[in-house]
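**Q** Okay, here's the structure, questions in a sec.
The values are calculated or read from the model by the stated rules, or taken from the named source; none is laboratory data. It should be emphasised that the depicted structure is a prediction, and the values quoted were computed from it without experimental measurement. Backbone-built Cβ (ideal geometry, glycine too); neighbour counts: all protein chains shown. Note: areas computed on protein heavy atoms with side chains; ligands, DNA, RNA excluded. Shrake-Rupley method; radii C 1.70, N 1.55, O 1.52, S 1.80 Å.
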Amino acid sequence: MKTYIRATGNISPQKSFGHQFLTDVIEHTGDRLTCIEPDYKGIIDVKLIRRMSRIIKMGVAAAMECLQESGVTVPDAITTGTAYGCLEDTGVFLTKMVEHNEELLTPTAFIQSTHNTIGAQIALMLQCHHYNNAFVHRGFSFESALLDGMLLLVEKEANNVLVGGIDEITNISHSILRRMDLYKRQQISNLDLFTTKTKGTLAGEGAAFFLLANESSSNDYATLDALHTFYKPISIKETEQQIVSFLSAQSINVNDIDLIITGRNGDIQNDAVYDQLQRSIFKNNSAGNYKHLCGEYPTSTAFALWVAVNIIKTAVVPVVISKAIKNKPKKILIYNHYQNIHHSLLLVSAC
Amino acid sequence: MSSPVFVVGLGAISAIGNNVAECLTALETEAAGIGEIKNLQTVHRGKLPVAEVKLTNEQLATRSGLPATISRTALLSMLAAKEALDDAAIKDLSSLRTGFISANSVGGMDKSEDFFAEFLVDNTKGKLRNVVNHECGAVTELVADKLGIKNYITTISTACSSSANAIFLAARLIKHNMLDVVVAGGTDALTKFTLNGFNTLMILDQQFCKPFDENRKGLNLGEGAGYVVLVSEKVMASLKKEAYCTLSGYANANDAYHQTASSPDGTGSFLAMTGALEKSGLKPSDIDYINLHGTGTQNNDIAEGTAIKRLFTDRYPKMSSTKSFTGHTLGACGGLEAVFSALAIKHGIIYPNLRLETPMTDLPFVPERKFLQNIPVKNVMSNSFGFGGNCSSLIFSKI
Amino acid sequence: MDKLIANLKVQIIEQLNLQDTKPEDIGDDQPLFNEGLGLDSIDALELIVLLQQHYKIKLSNAEDGPKVFKSVKTMAEYITEHQPKV
């Protein structure tokens with residue numbers, strides 16, 4: 001199911017928009033990493049922008065940057081993944097509904113709160129009548145959108161697919177998730193995330209889009225060779241088996257992997273899974289991390305994929321990703337789990 | 001890739017019945033499920049009619065084996081998904097690669113609303129257990145875990161076409177030989193969020209909805225869940241029962257016209273129907289029945305009707321909107337209507353489009369007004385169109 | 001009437017989040033929809049709520065919208081005609 005990643009567009013808590021790749025790492029302090037947003041004027045029509053909440057603007061702008069780089073004006077399909085959807089609009093409508101006791105409500109926030117709004121707005125802007133789907137399955141949201149896109153290419157239903165992973169933090173969601181004890185209680189720098197060895201992680205968000213194509217071009221970032229997800233493994237043994245059989249289905253083994261990008265998020269319990277694997281099947285591999293740059297959120301694998309394809313394209317592993325020096329990686333494995341429920345594996349190779 | 005995908009199990013719960021048999025009886029006896037709001041706590045009670053499932057959360061919990069404190073959306077989903085799986089009667093399910101692909105529009109919103117009322121007063125208040133399943137995917141997982149399905153689980157949310165898209169993806173995963181069996185469809189419970197949301201759009205009929213009537217005033221919201229069990233040819237061969245039908249065609253297209261409204265000529269609907277026909281290798285004249293999206297809004301029915309007029313030119317299949325019975329169940333409607341489509345093929349029946357008095361003057365056809373039986377129904381098209389221009393058509397075919 | 005028109009312009013800009021539009025950019029007789037200010041059906045629904053919220057006027061039939069919301073002036077006239085007497 002090999003596909004080519006022709007272009008990317010990414011709005012994240014790092015300076016990623018405008019195709020910068022971690023040349024100027026941004027430090028955040030606190031328990032929340034907020035996206036660095038571009039000026040949307042010039043990217044999105046002002047008539048549309050006035051109704052868009054932050055996540056919609058981020059999603060649409062990242063998609064536009066991706067399309068622009070790809071040279072594709074209207075993609076053959078659009079698939080998006082978002083675990084939480086348009087939380088700000090949801091919060092606005094819910095708040096008014098409660099405060100005004102179901103009276104004097106206006107439609108805009110309700111309309112925009114729909115989970116497929118970002119994919120729909122992109123279609124509307126491009127006048128794209130093609131396939132359009134939206135996945136909303138927690139830590140599998142982006143992976144589902146990616147799989148759908150890859151299948152469309154195999155089916156020859158599409159020659160190229162625009163795939164995105166988008167999630168936002170709002171004040172409301174942050175205060176609720178904080179009460180669920182997901183985040184660190186002490187104020188730390190995101191760059192110290194892996195040294196504290198305490199409970200909790202940092203809240204993150206982002207909007208990353210990719211143009212997948214079924215044929216190579218001269219300027220692809222990398223190939224996405226395979227994708228696999230597994231749900232609630234019963235033991236670390238099962239996780240190991242899933243990883244080994246994923247690789248063997250690609251006729252390779254862990255020794256063929258030049259860099260493993262893991263989803264470490266700084267929470268000692270969460271990271272125990274990676275610790276165990278780095279003592280067992282990943283023992284001889286160079287490993288890297290990404291969540292100190294974007295924070296933890298259900299579609300963060302999209303940020304990881306952006307990191308992986310940029311490493312392959314630039315042939316440089318930024319020190320902030322991994323200090324284990326192995327320049328010019330040819331094969332990168334992304335292994336992420338979200339709350340030890342949703343596990344995903346993505347294999348990325350040089351073209 | 002061209003191997004057929006079989007429909008071998010059906011499960012449904014809606015305002016017209018708590019299982020498939022009850023829904024079928026209501027369709028035969030022309031008994032709509034729309035009425036005054038009874039379960040939902042809202043200021044619109046007594047003003048806006050809705051199509052509620054006639055069981056309380058406690059009753060749903062008892063029947064489903066899930067706790068009454070979780071989202072009604074999950075409770076409805078569990079009952080219908082379980083019924084579908086039981087109906088399929090697949091032995092040794094654990095030896096097969098099984099998936100659960102479910103759709104919904106607002107996840108555990110019914111519980112989030114309760115939480116929010118307290119949270120807004122003081123953000124340290126509100127029971128966290130009421131928001132822990134807010135996400136659409138959480139609802140799917142509650143049911144998947146209870147059913148014991150874990151090979152592949154995902155959730156789709158494209159507003160009112162959600163569950164058609166879930167069924168569509170399920171068939172593709174089987175064709176790609178990634179899964180053997182998939183329970184696919186969708187669920188949605190009535191919530192204040194959606195009721196008020198649609199109310200702001202001024203597209204709710206204050207009387208019972210009249211889809212495809214010249215004087216239609218809007219839709220009635222409903223709730224429910226509908227699932228089909230799809231299996232591969234190999235699994236089909238091992239079953240001792242007959243399949244209801246195959247899923248022979250499917251397509252999704254985008255209207256790309258407006259965030260909520262359909263284009264006047266129904267571009268997206270036309271493309272979805274055309275694409276599904278192409279996939280199935282059928283001609284428009286092969287379609288015996290269309291289960292219309294037919295919400296009863298001015299906009300949907302003229303857009304859908306215009307697209308049908310353009311595609312079928314002069315030989316119109318029988319058609320009806322079963323939303324005149326169930327109300328518009330949003331994320332569940334594609335699943336429920338897939339169940340009704342499969343039953344139409346199996347029993348050779350056509351459902352009536354209730355309360356149709358004055359046919360639309362701009363359309364050259366009139367949906368069926370009476371329940372028909374002993375009709376040869378070989379191919380059924382089921383339409384589902386949602387916000388964001390998301391249009392899907394499925395085609396079910398007799399074996 | 002002039003005061004009402006001026007207020008309406010501010011309220012419309014706020015309700016519809018018309019960034020970059022100032023009250024003086026909206027002509028009293030300028031069409032609000034389509035080629036005029038470029039508003040659409042969703043805005044019409046927003047304006048219905050605006051009338052309700054600020055002027056206690058309930059436009060129960062959405063089909064009256066196009067007539068009432070033709071321009072700021074027609075809106076002001078409608079308000080003057082229908083506002084409940086205090």
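**Q** Hey, can you list the residues from the range B:155-191 whose accessible area shrinks by 50 Å² or more with all protein chains present, relative to the chain by itself (probe 1.4 Å, no ligands or nucleic acids)?
**A** With the partner chains in place, the range B:155-191 has these residues losing at least 50 Å²: B:SER157, B:ARG172, B:HIS176.
**Q** With +1 on each Lys and Arg Cβ and -1 on each Asp and Glu Cβ, how big is the dipole of the range A:223-349 about its Cα centre, in debye rounded to the nearest 20?
**A** Details: 12 positive and 9 negative charges, 69 e Å.
Dipole magnitude for the range A:223-349 comes out near 340 debye.
**Q** Taking R0 as 45 Å, what's the FRET efficiency between A:LYS283 and A:GLU37 from their Cβ-Cβ distance, rounded to 0.05?
**A** Numbers: r = 41 Å, r/R0 = 0.91.
Approximately 0.65, to the nearest 0.05.
**Q** So how much accessible area does B:MET202 have, in Å² to the nearest 10, using a 1.4 Å probe?
**A** 70
**Q** Tell me, what HN-Hα J-couplings in whole Hz come from the Karplus equation 6.51 cos²θ - 1.76 cosθ + 1.60 at θ = phi - 60° for each residue of the range A:140-151, using x for Gly and Pro?
**A** 10, 4, 5, 4, 5, 5, 5, 4, 4, x, 5, 5
**Q** Related question: Just how large is the dipole of the protein assembly as shown about the Cα centre, in debye to the nearest 20, putting +1 at every Lys and Arg Cβ and -1 at every Asp and Glu Cβ? Spell out each step's value before the answer.
**A** Numbers: 77 positive and 87 negative charges, 359 e Å.
For this selection, approximately 1720 debye.
**Q** Quick check for me: using +1 on Lys/Arg Cβ and -1 on Asp/Glu Cβ, what's the dipole size of the range B:226-311 about its Cα centre, in debye to the nearest 20? Display every interim value, and only then the final one.
**A** Values: 7 positive and 9 negative charges, 59 e Å.
Here the size comes out at about 280 debye.
**Q** If you don't mind, another one. Can you return the aspartates and glutamates within cross-link range of A:LYS2? Criterion is Cα-Cα under 14 Å, with same-chain partners fewer than 8 residues away left out.
**A** Answer for A:LYS2, where 14 Å is the Cα cut-off: A:ASP148, A:GLU155, A:GLU215, A:ASP220, A:ASP225, listed by chain and number.
**Q** Nearest 100 Å², what total accessible surface is buried between chain A and chain C (probe 1.4 Å)? List each step's numbers first, then the result.
**A** On the way: alone 15080 and 5570 Å², together 19470 Å².
Approximately 1200 Å², summed over both chains.
**Q** Label A:SER248 and A:ASN219 with points 7 Å out from Cα along Cα→Cβ: what is the distance between them in nm?
**A** Between A:SER248 and A:ASN219, the label points sit 4.2 nm apart.
**Q** Ballpark to the nearest 100 Å², how much total accessible area do B and A bury together, probe 1.4 Å? Could the numbers behind the result be given before it?
**A** Working: alone 15600 and 15080 Å², together 25340 Å².
Using a 1.4 Å probe on protein heavy atoms, the buried area is about 5300 Å².
**Q** At a 1.4 Å probe, which residues in the range A:176-190 are at least 40 Å² less accessible with all protein chains present than in their chain isolated?
**A** The answer is A:ILE176, A:ARG179, A:MET180.
**Q** A follow-up question, please. Can you tell me, using C-alpha contacts under 8 Å and at least 6 residues apart, the relative contact order of chain B as a whole percent? Present the calculation step by step, with values, prior to reporting the outcome.
**A** Values: 1096 pairs, mean separation 91.0, N = 399.
Once divided by the residue count of chain B, the mean separation gives 23 percent.
**Q** So the label point goes 7 Å from the Cα of A:LYS199 along Cα→C-beta, right? Which residues of the range A:151-186 then have their backbone N under 14 Å from it?
**A** Answer for this model: A:178-186.
**Q** Can you send over the carbon and sulfur percentage of the accessible area for the range A:171-240, probe radius 1.4 Å, protein chains only?
**A** Working: 1480 of 2850 Å².
Taking all protein chains in place, the range A:171-240 shows 52 percent carbon and sulfur surface.
**Q** So how many Lys-Lys pairs in the range A:3-213 land under 13 Å Cα to Cα, not counting same-chain pairs under 8 apart?
**A** Working: A:LYS41/A:LYS57; A:LYS47/A:LYS57; A:LYS184/A:LYS197; A:LYS184/A:LYS199.
Step by step, the pairs that qualify in the range A:3-213 add up to 4.
**Q** Explain nothing, just the number: relative contact order of the range B:1-53, from Cα pairs under 8 Å at least 6 residues apart, as a whole percent.
**A** Values: 61 pairs, mean separation 16.2, N = 53.
Normalised by residue count, the contact order of the range B:1-53 is 31 percent.
**Q** Okay, next question. Just to confirm a number: summing +1 for Lys and Arg and -1 for Asp and Glu over residues other than B:GLY348 whose beta-carbon lies under 13 angstrom from that of B:GLY348, what do you get? Display every interim value, and only then the final one.
**A** On the way: positive: B:LYS318, B:LYS346, B:LYS378, B:LYS398; negative: B:GLU28, B:ASP288.
That sum, taken over residues with Cβ under 13 Å, equals +2.
**Q** Rolling a 1.4 angstrom probe over the protein heavy atoms, how many square angstrom per residue are accessible across the protein assembly as shown? Walk me through the intermediate numbers first.
**A** Values: 29390 Å² over 836 residues.
It amounts to 35 Å² per residue over the protein assembly as shown.
**Q** Quick one: pull the percent of accessible area on the range A:276-351 belonging to carbon and sulfur, 1.4 Å probe, ligands and nucleic acids left out. Kindly include the intermediate steps, with their values, before the conclusion.
**A** Details: 1270 of 2500 Å².
Exposed carbon and sulfur together represent 51 percent of the surface.
**Q** What distance in nm lies between label points placed 7 Å from Cα along the C-beta direction at B:ARG129 and B:GLU368?
**A** 4.7
**Q** Here's another thing I want to ask about it. Cα to Cα, under 23 Å, and not fewer than 8 places away if on the same chain: which lysines meet these conditions relative to B:LYS150?
**A** Candidates past the 8-residue exclusion: A:LYS232, A:LYS237, B:LYS82, B:LYS91, B:LYS175, B:LYS234.
**Q** Further question on the same structure: I'd like the antiparallel share, as a percent to the nearest 5, of DSSP beta bridges with both residues in the protein assembly as shown.
**A** On the way: 74 of 116 bridges.
Antiparallel bridges make up about 65 percent of those DSSP assigns within the protein assembly as shown.
**Q** Then there's this: Kindly state, to the nearest 0.05, the FRET efficiency for A:MET1 paired with C:LYS58, given R0 = 51 Å and r defined as their beta-carbon distance. The partial results should precede the final answer.
**A** Working: r = 57 Å, r/R0 = 1.11.
That gives a FRET efficiency of 0.35.
**Q** Ordering B:ARG63, B:ARG315 by accessible area with a probe of 1.4 Å, largest first, what comes out?
**A** B:ARG63, B:ARG315
**Q** Let me ask something additional. Once every DSSP H run of n ≥ 4 in chain A is given -39500 (n - 2.57) and the sum is divided by its residues, what mean residue ellipticity at 222 nm do you get, rounded to the nearest 500 deg cm²/dmol? Walk me through the numbers before you get to the answer.
**A** Details: 11 runs with 117 residues, N = 351.
Taken over chain A, the calculation gives -10000 deg cm²/dmol.
**Q** Tell me the carbon and sulfur percent of the accessible area for the range B:94-178, rounded to whole percent, probe radius 1.4 Å.
**A** Working: 1240 of 2520 Å².
Within the range B:94-178, the accessible surface is 49 percent carbon and sulfur.
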